[in-house]
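The values are calculated or read from the model by the stated rules, or taken from the named source; none is laboratory data. Because the structure is predicted, anything quoted here is derived from the model rather than measured. In this analysis, Cβ positions are derived from the backbone assuming ideal geometry, glycine residues included, and neighbour counts consider all displayed protein chains. Ligands, DNA and RNA are excluded from the accessible area calculation, which covers all protein heavy atoms including side chains. Shrake-Rupley method; radii C 1.70, N 1.55, O 1.52, S 1.80 Å.
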Amino acid sequence: MSSTEQIIFDIIAKTCSIERDRITLESTLKDLDVHSLDAAQVLFEIEDHFKISVPEREDQYSAGTVRELIEGVDRLVAAKSTVA
Amino acid sequence: MRRVVITGMGCVSALGSSARATWAGMREGRAGIGPLVGVSGYELRTAIAGQARDFDPAAHFDEKRLVMLDPVSQYALVAAREALAQSGLAKADFEGEPGERAAVIIGTGIGGATTQDHMARRLYAEGNPRVHPMAIVRVMPNAPASQISLEFGMRGPTFAVASACASSNHALGQALMLLQTGGADVALAGGVEACVTLGIVKAWEAMRVMADDTCRPFSKGRRGLVLGEGAGVFVLETLEHAQARGAHILAEFAGAGMSADAADIVMPDAGGAARAMRAALAQARLAPQDVGYINAHGTGTVANDTTETRAIRAVFGEHADALAVSSTKSMHGHALGGGGAIELVAVVGALQDDVLPPTINYLEPDPACDLDVVPNQPRERRINAALSNSFAFGGLNAVLALRRFA
């Protein structure tokens, strides 16, 4: 498990009060019964932890699978270090 | 219970700095939402808002007075002046005992947001330890009500009402009850918000409910809400008081209904919304089929508009297909605690002019919002009664019922 993966699993579990074992790479937030306000909180915790801005309305982050979310966050983090 | 009528209205909104201008914009379906100005930086994504662009503080207040007034009080005072002037009442009418029978009830979701923002920036960002001595009187949420009371010498029950996006309607409903039950003879009531500050816009962004194109209530392809700002203030009087002074009556304020969802802090609930509409109809002694128009809460979010549609269908049954429903937020944005009062201008205007304001920016029907939402074009239609819906975060609902005065 990559560190991004671990952190994001932790964030989803804590923010949404979901048992960590229920979360898989193939789950979507919808599968996990995460409502829109909780989803916004998940994205906020991710933004705050990684110091990135997660774009709005890109399904990869809010409507895709956890795997897609992790890939997107890795890409945003990489883009940030290129700029810096 | 005593009957209550509306004899004056005033407004500041993205459509203009008067009720006259706001209604003129509403009845022609004009867009007041435009590029966001005066707020930037800090990775702000929001680029549009319904700001009171043509509001010039210096045109209304001298420098000494302005020191005391956050924009939230400025908007409320300008709206109150217009409303009182239209009603034919003036400060002199509140000298002596009549002033003690005059109430001021103004809703606001936030209060002096601009002052709060400036104060925090100086203190925390700039490390400037000196805070302006008038900061407290500008920030306090009762400032708009107090400033109106002071300006006109209205010395009856005076206070603020806070229920987020339903603050206006709760304030107006409170004033209605006060007049119905003999607690006052006349009231200035309504709501106000001056919320387009960096902090507030960023906070709304964080919820990810803001549209990036424009506000398209009830339309397929809607992408969320657009923040607005402004004030609506109305002169309410008991019928007896209005008739005794020969006032011109704009409409009868026939009822108000309030409820709480107790379901979710943000997600709307059709059951709570429906109960508020039913309570407003019951107090106004209106049957569902008497209602020709509903000014919807219609924020343009997916959740609100589908839930509001379900609530209207639950209350009105088959008549839901016969009545017109529009959201003027498509034109002036969502003015939060000022929203319901700005929207009441639309209802009074519709009753006066026999024109229903449209829902603009409408693209195509959404099967989950299958109401006649007066898409894009205003409609000539004479109605005898109307509702105005406001549903707030926190699950708080307030609905007003107005009737043609006869």
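Below, the figures for the structure above:
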| quantity | calculated |
| --- | --- |
| Test for A:SER62: is it within 10 Å of the chain's Cα centre (by Cα), crowded, with 17+ Cβ neighbours inside 10 Å and within 14 Å of chain B (Cβ to nearest Cβ) | yes |
| Those residues of segment B:175-219 which are more than 14 Å from the chain's Cα centre (by Cα), away from chain A (no Cβ under 14 Å) and not hydrophobic (A, V, I, L, M, F, W, C), in sequence order | B:GLN180, B:THR181, B:GLY182, B:GLY183, B:ASP185, B:THR197, B:GLY199, B:THR214, B:ARG216, B:PRO217, B:SER219 |
| Yes/no for A:ILE18 being outside any helix (DSSP H, G or I), within 14 Å of chain B (Cβ to nearest Cβ) and not acidic (Asp, Glu) | no |
| Every residue from segment A:65-84 that is open to solvent by 50 Å² or more (accessible area, probe 1.4 Å), closer than 20 Å to A:LYS30 by Cα and touching a helix residue (DSSP H, G or I) at 6+ places or on another chain (Cβ under 7 Å) | A:GLU68 |
| Segment B:157-175, residues that are buried (at least 24 other Cβ atoms within 10 Å of the Cβ), of a type in the set (A, V, I, L, M, F, W, C) and part of a helix (DSSP H, G or I) | B:CYS165, B:ALA166, B:ALA171, B:LEU172, B:ALA175 |
| Residues of segment B:393-406 satisfying the condition of being open to solvent by less than 10 Å² (accessible area, probe 1.4 Å) and in a strand (DSSP E or B) | B:ASN397, B:ALA398, B:VAL399, B:LEU400, B:ALA401, B:LEU402 |
| Helices (runs of 4 or more DSSP H) within segment B:57-156 that include 2 or more residues more than 18 Å from B:ILE200 (Cα to Cα) | B:63-66, B:71-87, B:97-100, B:135-139, B:143-152 |
| Residue match in segment B:174-195 (condition: within 24 Å of B:VAL39 (Cβ to Cβ) and without any contact (Cβ under 8 Å) to a residue 40 or more places away in the chain) | no |
| Whichever residue in segment B:221-247 is assigned to a helix (DSSP H, G or I) and in contact (Cβ under 8 Å) with a residue 12 or more places away in the chain and, among such residues, is farthest from the other protein chains (Cβ to nearest Cβ) | B:GLU240 |
| Among the residues listed as B:VAL67, B:VAL78, the single one being β-branched (Val, Ile, Thr) and open to solvent by 30 Å² or more (accessible area, probe 1.4 Å) | B:VAL67 |
| Top-ranked residue of segment A:21-40 - restricted to ones that are open to solvent by 80 Å² or more (accessible area, probe 1.4 Å) and of a type outside the set (Lys, Arg), ranked as farthest from the other protein chains (Cβ to nearest Cβ) | A:ASP21 |
| Extreme residue, nearest to the other protein chains (Cβ to nearest Cβ), among residues of segment A:41-55 that are open to solvent by 20 Å² or more (accessible area, probe 1.4 Å) and under 19 Å from B:MET267 (Cβ atoms) | A:PHE44 |
| Meets criteria (touching a Lys or Arg at 6+ places or on another chain (Cβ under 9 Å) and among the aliphatic types (A, V, I, L, M)) for B:ALA320 | yes |
| Options B:GLU193, B:GLU205; residue that is buried (at least 24 other Cβ atoms within 10 Å of the Cβ) and of a type in the set (Asp, Glu) | B:GLU193 |
| Sole residue being of a type outside the set (Lys, Arg) and either within 29 Å of B:ALA14 (Cβ to Cβ) or open to solvent by 20 Å² or more (accessible area, probe 1.4 Å) (or both), chosen from B:PHE316, B:PHE234 | B:PHE234 |
| Residue count for segment B:284-305, restricted to those that are more than 14 Å from chain A (Cβ to nearest Cβ), open to solvent by 10 Å² or more (accessible area, probe 1.4 Å) and of a type in the set (A, V, I, L, M, F, W, C) | 2 |
| Filter result (part of a helix (DSSP H, G or I) and under 27 Å from B:ARG223 (Cβ atoms)) within segment B:347-386 | B:VAL347, B:PRO367, B:ALA368, B:CYS369 |
| Members of segment B:24-56 found to be open to solvent by 20 Å² or more (accessible area, probe 1.4 Å) and outside any loop (DSSP other than H, G, I, E, B), listed by number | B:ALA24, B:ARG27, B:GLU28, B:PRO35, B:ILE48 |
| Number of the exception - B:GLU43 against (1) of a type in the set (Asp, Glu); (2) within 14 Å of chain A (Cβ to nearest Cβ); (3) over 20 Å from B:ASP117 (Cα atoms) | (3) |
| Residue match in segment B:39-52 (condition: within 16 Å of B:PRO144 (Cα to Cα), in contact with a strand residue (DSSP E or B) (Cβ under 7 Å, 6 or more places away or on another chain) and in contact (Cβ under 8 Å) with a residue 60 or more places away in the chain) | no |
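For every residue, the table says whether it meets (1) in contact with a Gly (Cβ under 9 Å, 6 or more places away or on another chain); (2) in a loop (DSSP other than H, G, I, E, B); (3) in contact (Cβ under 8 Å) with a residue 12 or more places away in the chain.
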site	(1), (2), (3)
A:ASP38	no, no, yes
A:GLN41	no, no, yes
A:GLU47	no, no, no
A:VAL54	yes, yes, yes
A:TYR61	yes, no, yes
A:ILE70	no, no, yes
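Residues checked against (1) more than 23 Å from B:ALA49 (Cβ to Cβ); (2) open to solvent by 40 Å² or more (accessible area, probe 1.4 Å); (3) part of a loop (DSSP other than H, G, I, E, B):
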{"residue": "B:ILE249", "(1), (2), (3)": "yes, no, yes"}
{"residue": "B:GLY257", "(1), (2), (3)": "yes, no, no"}
{"residue": "B:ALA263", "(1), (2), (3)": "yes, yes, yes"}
{"residue": "B:ALA274", "(1), (2), (3)": "yes, no, no"}
{"residue": "B:ALA282", "(1), (2), (3)": "yes, yes, no"}
{"residue": "B:THR307", "(1), (2), (3)": "yes, no, no"}
{"residue": "B:GLY337", "(1), (2), (3)": "no, no, no"}
